[in-house]
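Only one structure is covered here, and it is reproduced in the block below.
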Amino acid sequence: MDNTSAPQTTGLREAKKQRTRQQLAATALELFLERGFDAVSVADVAAAAEVSKPTLFRYYPSKEDLLLDRFADHQDEAARVVRERPAGQTPVEALHDHFIAALAAHDPITGLCDHPNVVVFQRLLYSTASLKSRLAHYAEREVDLLAAVLEAEAGAGTETDPAAAGSGAKPQLLSARLAALYLVTARHELGRANWLRMDAGQSAAEAHAAAVADADAAFAMLGEGLNRTLAARVRPASSAAGAVDPAPISPTPGAGQ
């Protein structure tokens, strides 16, 4: 018996599902941009994509998700950046560096992207109440994922930064969640400020310096407080002898930028 047939069939099925998902999202976006979000129904999207409404809802639980699903790929971004940051960086510094690099790449998620389709998409997003409300659901998931990383690091922290030695304070769940809320909100608000620049007619190149200055100021404000709680990732003494894995977070006060 050929044991490869089942994996191949599964792979083809998943590929077909992904194509259908992409087709639904692309069709919906085209209709939303042409007529406006509120003027297009789920039935309109299903008909244009030549699928039934039940089929559409199997892929997207709401009309808003047809447009916002692209944000799902970024929900774990902040958590991943913090979790994978190098030794010597606080979470604030890691997210600051990541955002600055994304600005340089004109990543649409930063708002600093002047591609006409991106500008129109974001105008639709920020001008539609139901979309802004649904976007909050995605942001909440970002907060949950980042808070989980910060809480886990606080609980696992055993190695301390020499500059922060002497204090055994560890941030609790509330502290981790508050820190995550501040950081995720800053990223979203910086993105909105940058999109306003694009919507006003500036190019990404023209607005880049101001966007960087805003990001520097925002993360500096956060660092003033959060770096006392969310200390830098440090390496144990064994790392000098060739150890690869950095030590967990030291959550003690006193580690500043």
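Values in this text are rule-based calculations from the coordinates and carry no lab data. What you are looking at is a predicted structure, and each value in this text was computed from that prediction instead of being measured. FYI the Cβ positions are ideal-geometry reconstructions off the backbone, even for glycines, and counts take in every protein chain you see.
The table for this structure:
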| item | result |
| --- | --- |
| 3J(HN,Hα) from dihedral phi, segment 26-40, Karplus parametrisation 6.51/-1.76/1.60, rounded to Hz, x for glycine, proline | 5, 5, 4, 4, 4, 5, 4, 5, 6, 10, x, 4, 5, 8, 10 |
| Label zone at Ala139 (point 7 Å along Cα-to-Cβ), backbone N below 20 Å, segment 100-121 | 100, 103, 107-113, 119-121 |
